[in-house]
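Structure first, then comments.
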């Protein structure tokens with residue numbers, strides 16, 4: 001083990017290590033605010049530190065070819081765990097690394113997690129994601145990743161099942177230009193021989209309607225990759241920065257027209273501002289009682305109808321959800337460019353509904369927190385229809401939001417299995433993530449690793 | 001064009017770090033990650049060689065500030081085989097990004113033209129060079145320079161130009177740590193640079209103060225290979241021999257030339273560039289140098305002995321003179337009067353000025369005129385300045401010199417008579433004068449300390465005391481650096 005300082009200033013690191021991270025010229029320095037960590041952070045050293053005659057020790061192992069540090073999840077196979085390869089793509093500053101660390105690291109405040117404080121969902125990660133540690137990555141949230149790609153290894157215990165997750169985090173810029181190389185790395189990662197299931201998460205960042213979309217559509221990258229992915233590979237969108245969305249009067253008006261029965265309760269909820277550090281329960285509790293799966297169902301139906309899709313959802317007596325008519329009203333192929341029905345929420349209305357979506361997530365977490373018992377039990381008993389409703393609403397709103405941006409709207413529409421994970425933070429950039437464990441659960445479920 | 005410009009900037013809406021050359025973005029990513037986002041020191045110069053290609057990058061990198069790990073970089077890139085020693089002469093053009101300026105730099109560097117806008121010589125350059133040389137002797141090969149203010153950034157180009165690392169392999173920066181520090185590293189020549197690093201540094205910096213950058217560079221280059229130490233020569237020789245064996249030249253003559261060259265390298269032989277050893281090149285260079293290491297060693301020894309003998313003679317003479325003055329002051333007075341008949345010395349022991357009051361030392365603007373008048377009124381126009389100065393120095397050595405009142409006269413004498421003096425005498429005189437200056441804090445325009453004496457004399461004096469060196473510059477030009485402890489004068 002060597003300090004980060006020694007690692008960074010090593011006079012002769014193996015050239016292969018740089019070759020695979022081409023064109024990296026040096027080991028990245030830590031952000032200026034974390035200079036003190038260069039002396040306290042310790043990393044597995046280069047090969048010269050390893051004992052002679054052993055290619056790998058019991059804990060740390062480096063690739064024989066490129067000398068990259070491989071998490072145990074990449075090379076240790078106990079036979080009893082499910083193997084799951086995950087790759088994350090997205091442009092710069094959309095929150096890829098941030099949400100990965102949130103997913104794989106138990107947050108200090110589990111109030112806003114879906115089921116995280118339950119013993120039925122435990123995630124523990126390998127300490128290192130070379131050249132950083134997981135701790136460093138958590139502290140560096142918001143900072144730009146300076147390495148072309150990092151490997152993270154996580155083992156998740158869900159019920160009685162163990163899932164070994166091998167994650168590839170690709171830097172945003174890598175997708176812009178070095179497409180061929182980035183594609184090769186992603187494809188290789190998701191199509192390894194011994195993998196059993198794989199998933200590709202596309203991270204897309206919410207931007208208010210006032211902001212002119214300038215980013216290149218991520219759909220192009222996705223389409224380029226899709227043809228190369230293995231058949232059972234599953235995809236989903238992580239929709240980040242939802243906490244930025246602002247509640248608007250236009251959204252309130254829209255709710256009054258399209259969801260008149262529940263508009264007051266929803267407006268009251270949307271007007272609440274989640275501020276970390278305050279006790280949320282006293283303020284939110286009067287509103288929480290009126291928010292349930294039925295309200296969500298009405299909201300989802302209203303959004304679906306007005307957006308031009310006959311997409312009813314309903315619930316039977318057992319709480320099971322049914323979906324009808326997931327087809328565009330016209331059978332003609334979708335015309336190119338923005339295509340939004342006249343009554344569909346757009347602009348400030350859409351922004352307001354997205355803000356409402358984020359508050360509905362928080363509302364669920366608080367309701368689960370008030371439940372006398374395990375969060376997992378609450379989820380299975382009462383929370384499941386609510387979470388499904390959130391998922392559907394997120395999907396509808398994402399399609400509406402991303403269509404003018406040329407993003408993945410059509411792909412999401414066509415593919416019923418394509419999930420959209422709404423993500424936001426309570427307390428701003430350095431706050432607490434909301435429902436980061438839901439991404440983990442859904443990704444594993446979507447890829448067929450867990451039931 | 002051998003050199004081309006580049007500019008990398010961060011724009012999240014365009015996808016993050018974007019620029020002309022994608023491979024360059026990746027290469028510089030590691031350096032942009034650790035920069036301070038605010039304050040005076042958000043970046044600095046860099047001169048690096050790329051791993052992924054045969055190019056080198058000369059430019060500037062600074063934090064973008066918007067987001068941790070984002071940066072802006074600009075400069076020129078070109079093949080590593082190109083000579084980039086002129087980049088320092090375009091210093092201001094690197095500090096701020098301006099597209100047209102960069103194009104001019106690229107064009108100038110391609111044509112190997114000098115920009116002639118060097119950075120200011122930092123006050124601590126000599127001490128930094130000394131420190132680096134000492135660090136080199138301890139076995140260090142990477143030299144880290146702490147940067148406390150924006151002015152300190154100007155150290156790096158000078159270190160690159162004049163330091164012990166061969167400029168063909170040296171790298172500067174990039175800033176990698178916070179608080180900002182810049183590295184200067186590369187392959188150091190396989191020979192020790194100099195047994196007296198302080199003197200070496202002083203001599204080099206002396207040229208810079210004389211605005212003779214080219215001479216300073218030549219001096220640095222020659223000193224990098226000076227004073228070959230046999231114990232350190234052995235591994236270098238063996239490595240050259242291995243290279244020559246690996247090269248396997250086709251004809252026997254070339255092989256013999258390589259082996260002979262390895263056994264007897266010239267003083268400036270670039271051991272660091274062993275891979276490029278070519279028989280013809282070695283022969284050519286050594287013929288030009290006029291000999292090998294043995295000859296160089298003999299020459300060095302001879303020069304040292306000569307210097308030692310000279311110093312001994314001077315010391316004996318000085319001692320004799322002091323004894324003579326103390327023992328027979330009247331004889332000395334008579335002798336001086338006889339040898340210099342035109343001098344009207346009324347009080348030769350004290351060298352008092354005439355009754356007219358000395359000019360105010362605070363009025364620096366009129367010092368030149370008043371000095372002349374003062375000198376003439378005191379000693380007449382036909383005074384033998386050389387004798388006067390000699391007498392003054394002798395009294396200085398005897399520690400019986402008066403305070404400030406005769407210092408200007410002495411300097412006048414020095415100016416007038418310096419053509420008659422031998423270099424050794426001149427050094428001795430200046431050394432004594434600066435000792436006097438340091439002891440008595442008198443102000444003068446004839447000897448400038450850091451070029452601005454009279455305005456910041458207190459600061460300069462304090463700095464001199466700290467560094468134990470005084471940069472001495474006469475009105476006519478540079479004279480050298482002076483050690484305040486041993487009064488040794490560096491330079492020509």
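Per-structure values
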{"item": "The one condition in (1) modelled with pLDDT under 85; (2) out of contact with any helix residue (DSSP H, G or I) (no Cβ under 6 Å at 6 or more places or on another chain) that residue B:17 fails to fulfil", "result": "(2)"}
{"item": "Those residues of the range A:79-94 which are more than 22 Å from residue A:445 (Cβ to Cβ) and over 21 Å from the mean Cα position of the chain (by Cα), in sequence order", "result": "A:79"}
{"item": "Residue within the range B:29-43 that is within 29 Å of the chain's Cα centre (by Cα), assigned to a strand (DSSP E or B) and modelled with pLDDT of 85 or more present", "result": "no"}
{"item": "Conditions (1) surrounded by fewer than 24 Cβ atoms within 10 Å (Cβ to Cβ); (2) within 13 Å of chain A (Cβ to nearest Cβ); (3) under 21 Å from residue B:166 (Cα atoms): number failed by residue B:46", "result": "(1)"}
{"item": "Residue under evaluation residue B:186, criteria (1) crowded, with 21+ Cβ neighbours inside 10 Å; (2) at pLDDT 65 or above; (3) at positive phi, criterion not met", "result": "(2)"}
{"item": "Those helices (runs of 4 or more DSSP H) lying entirely in the range A:211-286 with at least 3 residues more than 21 Å from residue A:184 (Cα to Cα)", "result": "A:249-258, A:263-270"}
{"item": "Which numbered condition residue B:6 fails, given (1) in a strand (DSSP E or B); (2) over 19 Å from residue B:150 (Cβ atoms); (3) within 11 Å of another protein chain (Cβ to nearest Cβ)", "result": "(3)"}
{"item": "Members of the range B:20-43 found to be surrounded by fewer than 19 Cβ atoms within 10 Å (Cβ to Cβ) and more than 10 Å from chain A (Cβ to nearest Cβ), listed by number", "result": "B:20, B:40"}
{"item": "Hits in the range A:67-96 (condition: within 14 Å of another protein chain (Cβ to nearest Cβ) and out of contact with any strand residue (DSSP E or B) (no Cβ under 6 Å at 6 or more places or on another chain))", "result": "A:91, A:93"}
{"item": "The range A:75-92, residues that are at pLDDT 85 or above and under 18 Å from residue A:164 (Cβ atoms)", "result": "A:84, A:85, A:86, A:87, A:88"}
{"item": "Condition check for residue A:319: in a loop (DSSP other than H, G, I, E, B), in contact with a helix residue (DSSP H, G or I) (Cβ under 8 Å, 6 or more places away or on another chain), closer than 17 Å to residue A:238 by Cα and modelled with pLDDT under 80", "result": "no"}
{"item": "Residue A:164 being more than 11 Å from chain B (Cβ to nearest Cβ), in contact with a helix residue (DSSP H, G or I) (Cβ under 6 Å, 6 or more places away or on another chain), over 26 Å from residue A:239 (Cβ atoms) and not in a helix (DSSP H, G or I)", "result": "yes"}
{"item": "Subset of the range A:222-253 (residues that are farther than 18 Å from residue A:419 by Cα and modelled with pLDDT of 75 or more)", "result": "A:243, A:244, A:245, A:246, A:247, A:248, A:249, A:250, A:251, A:252, A:253"}
{"item": "Conditions (1) outside any helix (DSSP H, G or I); (2) modelled with pLDDT of 85 or more; number of the one not met by residue A:299", "result": "(1)"}
{"item": "Residue within the range B:105-113 that is within 11 Å of another protein chain (Cβ to nearest Cβ) and in contact with a strand residue (DSSP E or B) (Cβ under 7 Å, 6 or more places away or on another chain) present", "result": "no"}
{"item": "Among (1) modelled with pLDDT under 80; (2) surrounded by fewer than 24 Cβ atoms within 10 Å (Cβ to Cβ); (3) in contact with a strand residue (DSSP E or B) (Cβ under 7 Å, 6 or more places away or on another chain) - the single one residue A:428 does not satisfy", "result": "(3)"}
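Table: residues versus (1) at pLDDT below 85; (2) part of a loop (DSSP other than H, G, I, E, B); (3) buried (at least 19 other Cβ atoms within 10 Å of the Cβ); (4) in contact with a strand residue (DSSP E or B) (Cβ under 8 Å, 6 or more places away or on another chain).
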site: A:327; (1), (2), (3), (4): yes, no, no, yes
site: A:343; (1), (2), (3), (4): yes, yes, no, no
site: A:359; (1), (2), (3), (4): no, no, yes, no
site: A:372; (1), (2), (3), (4): yes, yes, no, no
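The values are calculated or read from the model by the stated rules, or taken from the named source; none is laboratory data. A quick note: this is a predicted structure, and the numbers were derived from the prediction, not measured. Virtual Cβ from ideal backbone geometry, glycine too; neighbours counted across all protein chains shown.
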